[in-house]
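Reviewing the structure listed below.
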Ligand SMILES: [Zn+2]
């Protein structure tokens, strides 16, 4: 199927370990990641970005062993040229989507992918804790600088007080 050998081995190994959606594992292998508990911050590449695949937004059809996998990037370049020969305008739009900073997080079987223009919620691994990947493309704005994540703009204690007051009135 044209998958790089490094990525095929990665996926087979991670699948055997029970990680059938190995986004975090892929980020973990990426050079320059910053680890803070269960949070990684990585600079990836449009050809290794599989986090928007639910909408068909990707240039390769395999999980990369890491988000800077050179062989995946080469595979993606070939496919991008095929896309460009068919529809250059749509190809530019695809690249724009794949270059957006995003945050992928996984908790209790749900993955949430937050981008500057939409949020995607889908099934993933049934984790007990939240696992997070802050993703950006090289040279593009960082996710932590441009995204307000779900719940980040809420004062949960204040919200709880308001809800308690409202419930008293019922
Ligand atoms: Zn690879």
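Brief remarks follow.
- Its relative contact order, with pairs defined as Cα atoms under 8 Å and 6+ residues apart, puts the chain at 21 percent.
- Sorted from longest to shortest, the spans of the Cα atoms of the chain along the three principal axes equal 63, 39, 28 Å.
- Residue among 97, 11, 118 with the largest mean-square fluctuation in a Gaussian network model of the chain, springs linking Cα atoms under 10 Å: 118
- Averaging the Cα positions of each part gives two centres, and for region 1-20 and region 143-165 these lie 38 Å apart.
- For the chain, built as a Gaussian network whose Cα springs stay under 10 Å, the top-fluctuating residue of 33, 49, 17: 17
- Fully extended contour minus Cα-Cα distance, from residue 79 to residue 61, at 0.36 nm per residue: 5.5 nm
- Max mean-square fluctuation residue, GNM over the chain, Cα-Cα springs under 10 Å, options 36, 26, 105: 36
- Taking the longest Cα principal axis of the chain as reference, the axis of helix 70-86 is set at about 80 degrees.
- Going by neighbour counts of Cβ atoms within 10 Å, the residues 48, 39 line up, fewest first, as 39, 48.
Just so you know, all these numbers are worked out from the coordinates, no wet-lab data involved. Please read all numbers here as calculations on a predicted model, not as lab measurements. Counting neighbours? That spans all protein chains shown, and the Cβs are built from the backbone with ideal geometry, glycine included.
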